[in-house]
Each structure stands twice: as C-alpha cells, then as structure tokens.
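Enquirer: Below you'll find the structure I mean.
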Amino acid sequence: MRTDQLIRTFVEYYEERGHRRITGSTLLPPPGDPVLFTTSGMHPLTPYLEGRPHPLGKRLVNVQRCLRTTDLDEVGDATHLTVFEMLGTWSLGDYGGPRSLDWGYGLLTEGLGIDPGLLYATAFAGDDRTGPDTASVELWQGLGVPVELTIEDNWWSNGPVGPCGPDSEIFFWSGEGPPQSTPTRDDRWVEVWNHVTMTHRRLDDGSLVPLPQRNVDTGLGLERLASLLQGKPSVFACDAFDPWRRLLPPLWPLKEPDLRLVSDHLRSAVVVLGDGVRPSNTGQGYVLRRLVRRVLTVLWREDASRSLGDLPDDLVRHTLDHFHQDMRPADVLRTLLDEEHRFGRLLNRGRSVLARPRFQGPLTEEDFHYLHDTHGLPRDLVTSLREE
C-alpha cells in the first residue's frame, strides 16, 4: 500500500466513524507560540484540547506535516525523519481511550491487513500520583494482544505544564521470524501508533489536577507505517523517498547512512523553505541553515566540488507538490545555492582563524564564545573543522 492509499484508507475509516477531516497546518505554529515548528498533529489543536469548541465537532481526523529537531542526531537510522507526516485522530470530550484503541486495532488488522500476531501494546503501569491504565490493559487483553506495562514511557505530556495523561502505544514486529521479547527489551518492535488519554493538567509546581474535559489524541507516523507495510528495511526505502533514491545516487555516490541523511535534510529544507522560512542565524531560519550545512559537510567530506546547484529540479518540484506548496523550484535551488556559497566562505574563514597559535591546544569555553561572537563560528562548526 502506497502512502497516498494509506492516507485515504486512514481518513475514510475514521470518517465512517463520525470524524470530520480538518486541514493540516504548515510547519509554522501560530504567532506567540513558544516552539519553533509544529512538532505533532495535536499542536495546532491545543486550544480545542483545552476546552474551546471546535467548529467541526468533537471527532476529528487529519494529516499534519511535522518537524522535530530533538531526533536530529538519530536521522539515518531506520525510523527517524526530520520532516514527516503524522496521521491523527481526536476525541474532544467524546469517546474514551478504550474505544480509540479498539478502532485503531480494527484499522490495522482489518483495514490494512496486518497480522494481529505481529502487534504488541504498552500501557501505563501507574505511579505514586495516578493509578494504572486498567481500561487500556483490559481492552488489549480482550483483543488477545500482549501488553507490557511501563511508567515513564507511557505517560504523555505536552511540555512541563499543560495537558497530560496515560498513553497506550502500538508496536509492530519488524524482525525476521516470530516475534520475541517485549517492546522495551527488543528494538525490532517498532512503535507505530500512540493513543493518549488526556486526563490531567500539570501545573507550574509539578502537581496534577484532573481535566474537566477528557480528550483522546492519537498519532501515527505515515512514513514509518508505510515502510513496515511495504516490507522495507527503513523509512527511507518506502515510496515517499522513491524519487530521492532514484535521482541522488547517480548525482552523488554516497554510502547508505550518508544517503539517508542527505535525502532527509534536503527534503526537510525544501519543505521548510516552501512554508516561508529563510536561512538566518536565529530561530526557524537557523534550523534551516543547520540542515543545509549538515548536508554540505557530508557532501564535501569526499568531494569538495559537489554543489546543491546540481540538485534535480524534478526532485524539488516533487517535494513541493507532495506537500502542496506553491514555491517555485528555481527559487528553492537559488536559496540553497546562496547558503552553500555563504557556508563555503565561512569554512575558509574558520580554517584561517583556527590556524592561529592561540587555538592549537584544547579550546576553552571562552575560546568558543570568542569564535562565535567575533568570527561567527558556531561550536559545532569549530569542532568539525578541528577534526579535519
């Protein structure tokens, strides 16, 4: 099942169960939001999760593009992406967690044809403040799905304050042969779907108070599930990355981990540009700049003549079209090339500065601050240059 079919199946399944599809937002959160980018499907819905009535009702479904920098160093493994799409469902004070899990199980097994024997669930075991999530455990036991109880791994929160509650995660077996062990003990169990029951609000002092309206928020990574359904070894092998795997290797022969990183970061950079962000030294623009520089560091490691200006126009257009963005590919490529030239000049200046006798030994915090404030050399770039 291709990703477009997967999206259609997911949305129609929940529409048949009374959910209204809402339009996903861009990567940019509303003005005044403290986060740089939309990190999950629930992020744009925070006011409604806190009690404001949604104009489309209490049952919602959508597809939301997200960006996470917390997993940046893990990009290149089998499951992590910087920009990805999240399939989500919400119950705004309507049905509870067990019904959500039951529907989720039905979609996976009947709608998508997954063997129930390849599924495992986790649920909240309870702690000194709240009891165990017995409703989810009983639901899974009734369906014949094994369930593992954890504490920290199955308590979800939207930051240090705000809505929170127990979650139940569904895992899919990705290993060869029959499933073994449990999700916390074997990383061949891949998390595909998280169902959160928002029962409490965490206050500034860390205490919990019950929410007047209980919500259910679920999130399922599109590319991750697609790779598992398609029998692929990683998210980079699913159909969403077909153009990248077809067009990049002839242009830049790269080893698999480097190919994954370059594909992810360039694809993410195109989407960020398409949503209106431009490179800068702070905020959203710095995240974009960092993505581009990480790509160039990999490309130039073996061949300094490689250039982002050679990126195929069709590849950029495919990405913009997929995310329904109207920026011209030529403008994307021009911005990427400008960043490449800027980074090249910075590298040359950095090498010259670091060649000075003062910087030949171990660097102090004062040295790092001086290099950043006086010469515009970030710590990660200084560290990389000294390793050359």
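The values are calculated or read from the model by the stated rules, or taken from the named source; none is laboratory data. Owing to the predicted nature of the structure, the values given are computational and were not obtained by experimental measurement. Positions of Cβ are backbone-derived with ideal geometry, glycine not excepted, and every protein chain shown enters the neighbour counts. All accessible areas refer to the heavy atoms of the entire protein, side chains included, with ligands and DNA or RNA removed. Shrake-Rupley method; radii C 1.70, N 1.55, O 1.52, S 1.80 Å.
Enquirer: With contacts defined as alpha carbon pairs under 8 Å and 6 or more residues apart, what's the relative contact order of the chain in percent?
Expert: 13 percent
Enquirer: Another question about this same structure. Given a Förster radius of 35 Å and the C-beta distance between ALA304 and ASP71 as r, what FRET efficiency does 1/(1 + (r/R0)^6) yield to the nearest 0.05?
Expert: The value I calculate is 0.75.
Enquirer: How high is the FRET efficiency from ARG356 to THR282, r the C-beta distance, R0 35 Å, rounded to 0.05?
Expert: My answer for the efficiency is 0.80.
Enquirer: Let me ask you something else. For a test of the definition: using alpha carbon positions, the gyration tensor, and the 1.5 limit on a/c, classify the range 1-152 as rounded, prolate or oblate.
Expert: Rounded, since a/c falls under 1.5.
Enquirer: Additional query: For ARG342 and GLU388, compute 0.36 nm times the residue count separating them, minus their Cα-Cα distance, and round to one decimal in nm.
Expert: 14.6 nm
Enquirer: Using 0.36 nm times the number of residues separating GLU16 and ASP313, minus their current alpha carbon distance, what extension gain do you get?
Expert: 103.0 nm
Enquirer: Return the whole-Å distance between the Cα centroid of the range 144-180 and the Cα centroid of the range 5-62.
Expert: 21 Å
Enquirer: Within the range 237-283, which trypsin sites (Lys or Arg not before Pro) sit in a loop by DSSP and count at most 11 neighbouring Cβ atoms inside 10 Å? Provide the component values of the computation, followed by the final result.
Expert: Details: sites: ARG245, ARG246, LYS255, ARG260, ARG267; in loops: LYS255.
Those that pass, being in a loop and sparsely packed, are LYS255.
Enquirer: For the range 236-376, restrict the atom set to alpha-carbon positions and state the Rg and Dmax in Å.
Expert: Every Cα atom of the range 236-376 included, Rg and Dmax give 16.8, 52 Å.
Enquirer: When DSSP assigns beta bridges and you keep just the ones with both residues in the chain, what percent turn out antiparallel, to the nearest 5? Could the numbers behind the result be given before it?
Expert: Working: 42 of 48 bridges.
Expressed as a percentage, antiparallel bridges in the chain total about 90.
Enquirer: Write down the accessible area per residue of the range 296-358 in Å², having rolled a 1.4 Å probe over the full set of protein chains.
Expert: Numbers: 3500 Å² over 63 residues.
With all protein chains present, the range 296-358 gives 56 Å² per residue.
Enquirer: Given contacts defined as C-alpha pairs under 8 Å and at least six residues apart, what's the relative contact order of the range 54-161, whole-number percent?
Expert: Answer for the range 54-161 is 21 percent.
Enquirer: Would any residue of the range 280-294 have its amide N under 20 Å from a label point 7 Å out along Cα→Cβ of ARG349? List them or say none.
Expert: Label zone hits: 280-283, 285-294.
Enquirer: Looking at the range 1-105, which trypsin sites (Lys or Arg not before Pro) are in a loop (DSSP not H, G, I, E or B) and have at most 11 other Cβ atoms within 10 Å?
Expert: Answer in residue order: no site qualifies.
Enquirer: Turning to a different aspect of this structure: With a 1.4 Å probe and all protein chains left in place, how much of the accessible area of the range 232-274 comes from carbon and sulfur atoms, in whole percent?
Expert: Carbon and sulfur together cover 57 percent of it.
Enquirer: Roughly speaking, what is the stretch gain from GLU256 to THR374, that is 0.36 nm per residue apart minus the C-alpha to C-alpha distance, in nm to one decimal?
Expert: Extra length from GLU256 to THR374 when fully extended: 38.7 nm.
Enquirer: So, one more: Can you pull the one-decimal nm distance between simple spin-label points at LEU28 and ARG246, each 7 Å off the Cα toward Cβ?
Expert: So the two model labels end up 3.2 nm from each other.
Enquirer: Okay, next question. Normalised by the residues of the range 300-350, what does the relative contact order come to in percent, with Cα pairs under 8 Å and at least six apart?
Expert: Over the range 300-350, the number comes to 39 percent.
Enquirer: State log₁₀ I(q)/I(0) for the range 134-177 at q = 0.14 Å⁻¹ as given by the Debye formula over alpha-carbon point scatterers of equal weight, solvent excluded.
Expert: With one equal scatterer per Cα and no solvent, log10 I(q)/I(0) is -0.45.
Enquirer: While we're on this one: Please sort by residue number the GluC sites (Glu not before Pro) in the range 1-53 whose DSSP state is loop and whose Cβ has at most 12 other Cβ atoms within 10 Å. Don't skip to the answer; put the middle values down first.
Expert: Working: sites: GLU12, GLU15, GLU16, GLU50; in loops: GLU16, GLU50.
The qualifying sites are GLU16.
Enquirer: Using a 7 Å offset from Cα along Cα-Cβ at ASP186, what residues in the range 159-180 end up with backbone N under 14 Å from the label point?
Expert: The answer is 171-180.
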